[in-house]
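Right, one structure below, let's go through it.
Please treat every number below as a calculation from the coordinates, not as lab data. None of the values given here were measured: they were computed from a predicted structure. Counting neighbours? That spans all protein chains shown, and the Cβs are built from the backbone with ideal geometry, glycine included.
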């Protein structure tokens with residue numbers, strides 16, 4: 001099963017698809033960049049206080065806005081965090097918002 005977060009505008013196509021094997025991230029206007037990552041490649045996941053989801057792969061950071069009132073967005077964030085954390089890690093449910101300087105879910 002896959003969950004998709006769409007945050008496209010008239011000028012920019014922007015989405016994050018979270019699947020059982022990893023994520024597909026697409027962003028772009030005239031030239032669309034589509035990237036695929038498995039969960040083992042993702043180093044950190046962060047959801048800021050203003051609902052901007054970020055994930056880091058190596059030296060690159062990818063960002064997409066999410067809406068807390070949309071169940072599809074909540075499900076996508078929860079699946080992403082649980083898969084990056086791996087088996088046996090605590091998943092508290094809901095949006096995983098952390099504060100201060102430890103703003104990440106390390107793998």
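Go through segment 1-13 and give me each residue that's in a strand (DSSP E or B) and either touching a residue at least 24 places away in the same chain (Cβ under 8 Å) or surrounded by 17 or more Cβ atoms within 10 Å (Cβ to Cβ) (or both). If the condition is that a residue be in a strand (DSSP E or B) and either touching a residue at least 24 places away in the same chain (Cβ under 8 Å) or surrounded by 17 or more Cβ atoms within 10 Å (Cβ to Cβ) (or both), then 3, 4, 5 are the ones that fit. Output the residues belonging to segment 28-68 that are out of contact with any strand residue (DSSP E or B) (no Cβ under 9 Å at 6 or more places or on another chain) and at positive phi. If the condition is that a residue be out of contact with any strand residue (DSSP E or B) (no Cβ under 9 Å at 6 or more places or on another chain) and at positive phi, then 58 is the only one that fits. When 16, 80 are checked against the criterion of being part of a helix (DSSP H, G or I), touching a strand residue (DSSP E or B) at 6+ places or on another chain (Cβ under 7 Å) and surrounded by 17 or more Cβ atoms within 10 Å (Cβ to Cβ), 80 stands alone in meeting it.
Within segment 24-69, the residues that satisfy the criterion of being surrounded by fewer than 18 Cβ atoms within 10 Å (Cβ to Cβ), touching a residue at least 60 places away in the same chain (Cβ under 8 Å) and not in a helix (DSSP H, G or I) are 43, 44.
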